[in-house]
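Enquirer: Right, I'll just put the structure down here and ask away after.
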Amino acid sequence: MLYDFQEELVIRPLHSGDVYASFQFRTLWETDFTRENKVSHYRLFPKSLGQVISKFSVRELHISFTQGYWRTMQWGQPFLPSPPGAELWVWFQDSVTDVDGTWKELTNVLSGIFCASLNFIDSTNTVQPSASFKPLGVGNVTDHRFLRYATLPREIVCTENLTPWKKLLPCGSKAGLAVLLKSEKLFHSSFHSQAVHIRPVCEDEQCKTTSWELRQTLNVVFDLHTSGQGKREWSLFKMFSRTLTESCPLASSSKIYIDITDNPQGDQIELSPATPLLSQAVVLGDRRTFSVYDLTQQITFGTVRSLNLLIRWKFSEGDMLRPLLHAERYVAGYGLQTGEIHTLMYNNHPYRSFPVLLLDSVPWYLRLYIHTLTVTSKGKDNKPSYIHYQPSKDRVRPHLLEMLVQLPPNSVTEVTVQFERALLKWTEYTPDPNHGFYVGSSVISSLVPSMVSCLFSEEKPFVTTDLGSCREACLS
């Protein structure tokens, strides 16, 4: 296998009446960007990203642009978690001598590729985690000196970011599932997130040869009420204002998966047209059942040569199982001088505890009183087994706090720390200070206990692979 391209769309009807759609586009290329004679011929793999990998000696690259707030208690766990704004984390090859300089050049190049404000990433919002963010590709390189992580929580995602993202696809937005990516519909939604993930992967079970994997993902949640429908009935045309007429000619696989897990008797979810193809897989620790539509088969489109899937469902909000792990964060206090950051982590498992690795990057202008750091579970102190803290330097670097905390079963663990706001120069205020100051999201890494055993089969969505659970894994 020298080249391969696959595309899929996973649609999950939500108990709130909303609908969750997840696009996955996967490009594989068996090549070596590190060889002396540089790669000059690109077929399916985007040349712009290939040159980035080669020039900056990138081992892994993960970037996301997100607009909206993911409501875990109403929607469940997302396939690919990402914080509001822009997020970028990169593993460099161990041959890079000046990681910080290479990181700065890389962010400027990516800013131009994705038409985003990534050029504002600098030392004041970049951290080097000591324990979080393990490599998702092959290789055992875990030297965190070659890892950089940064967020821009103020970044606004718009059409100018979607257009270059679509141009990276082999068929662009001219054929296949990408024709559904209409900006006026995607951005008229409750939640929208697009991402690019690049990593080396094994080509066979023995991992004798490796390939570069480019995975482009786009996740969107359409709201029941803002759509003007008011009823639990969706179709491809109602969601995207378009229907499907063909798959991408360059794709070896093009499928649509409809999550029908909550339809054991066949009377809760109605699909039109119906399909006899079914698939079962474990996604984020839950066994899910999918109806499968293969777009490479002409029979899928029927005699009208157009596919407009219609979904109706009846289940209510009270039927949804609570996610085993979720978290939230807020700022408490009053006035403009001091405050307190509260992070709440919920373990909803009835009898199992598990460890959680928490990473917090706080801007330098919020001066943390680290001696006020407290961790409590069920009203008692919960001493972390590992703590790494790097204090900030004014106008140079942010605070970095990492800790490993054991979450007791059926509990809420609260992490609090007090801070003082620094006095800024008038030139250091943002152009719209009425927004206030944005603080990036915390990052939680954990092995979440699973109620089921992990299944492995060929016929399953991409979201069941390890990238689909970047910060959560199945632990039977």
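Just so it is clear, none of the values below were taken in a lab; they were calculated from the coordinates. Computed from a prediction, not measured in an experiment: that's the story for all the values here. Cβ coordinates were reconstructed from backbone atoms using ideal geometry, including for glycine residues, and neighbour counts include every protein chain displayed.
Enquirer: Can you check what the net charge comes to around Pro200, using other residues whose Cβ is under 11 Å from the Cβ of Pro200 (Lys, Arg +1; Asp, Glu -1)?
Expert: Counting the neighbours of Pro200, the net charge comes to -3.
Enquirer: Ok, one more. Apply the Karplus curve 6.51 cos²θ - 1.76 cosθ + 1.60, θ = phi - 60°, to the phi angles in the range 233-238 and return the couplings in whole Hz, x for Gly and Pro.
Expert: Listing the rounded values in order: 8, 10, 9, 4, 5, 5 Hz.
Enquirer: While we're looking at this one, here's another question. So what is the relative contact order for the chain, in percent, with contacts set as C-alpha pairs under 8 Å and at least six apart?
Expert: That works out to 18 percent.
Enquirer: Of all DSSP beta bridges located in the range 1-321, what percent are antiparallel, nearest 5?
Expert: 95
Enquirer: In addition: Going down the table (Lys182/Lys238; Lys55/Lys208; Lys47/Lys167), which pairs top 23 Å between alpha carbons?
Expert: Values: Lys182/Lys238 12 Å; Lys55/Lys208 25 Å; Lys47/Lys167 11 Å.
Flagged as over cut-off: Lys55/Lys208.
Enquirer: Starting at the first residue of the range 411-425, write each ³J(HN,Hα) from the Karplus equation 6.51 cos²θ - 1.76 cosθ + 1.60 with θ = phi - 60°, in whole Hz, x for Gly and Pro.
Expert: 9, 10, 9, 10, 10, 10, 8, 8, 8, 10, 7, 6, 7, 9, 6
Enquirer: I've got another one for you. Checking the a/c ratio against 1.5 first, then a/b against b/c, what shape does the Cα gyration tensor give for the range 54-154? Before the final figure, lay out the partial values.
Expert: Working: a/c = 2.09, a/b = 1.38, b/c = 1.52.
Note, shape of the range 54-154 comes out oblate.
Enquirer: For n ≥ 4 DSSP H runs only, could you compute -39500 (n - 2.57) per run for the chain, divide by its residues and tell me the 222 nm figure to the nearest 500?
Expert: The helix-only estimate for the chain comes to -2500 deg cm²/dmol at 222 nm.
Enquirer: Which cross-chain or sequence-distant (5 or more) residues have an amide H under 5 Å from the amide H of Ala175, H modelled 1.01 Å from N in plane?
Expert: For Ala175, whose amide H was placed from the backbone, there are no distant partners under 5 Å.
Enquirer: Placing +1 at every Lys and Arg Cβ and -1 at every Asp and Glu Cβ, with all other atoms neutral, what dipole size does the chain have around its Cα centre, in debye to the nearest 20?
Expert: Value, rounded to 20: 460 debye.
Enquirer: Here is a further query. Among Leu118, Leu277, Leu2, which comes first, then next, by fewest other beta-carbon atoms within 10 Å?
Expert: Arranged by neighbour count, lowest to highest, Leu118, Leu277, Leu2 become Leu2, Leu277, Leu118.
Enquirer: Val283's amide H: which non-local residues (gap 5+, or another chain) put their own amide H closer than 5 Å, with H modeled 1.01 Å from N in plane and none for Pro or chain starts?
Expert: So Val283 has HN proximity to Arg288.
Enquirer: Using Cβ counts within 10 Å as a stand-in for footprinting exposure, how do Ser16, Ser117 rank, fewest first?
Expert: The most exposed by this proxy come first: Ser117, Ser16.
Enquirer: So for the range 111-263, averaging the separation of alpha carbon pairs under 8 Å that are six or more residues apart and normalising by length, what relative contact order in percent results? The partial results should precede the final answer.
Expert: Details: 165 pairs, mean separation 32.1, N = 153.
Relative contact order here is 21 percent.
Enquirer: Now for a different question. For each of Thr209, Thr66, Thr243, count neighbouring Cβ atoms within 10 Å of the residue's Cβ, then give the residues from fewest to most.
Expert: By the 10 Å Cβ count, ascending, the order reads Thr209, Thr243, Thr66.
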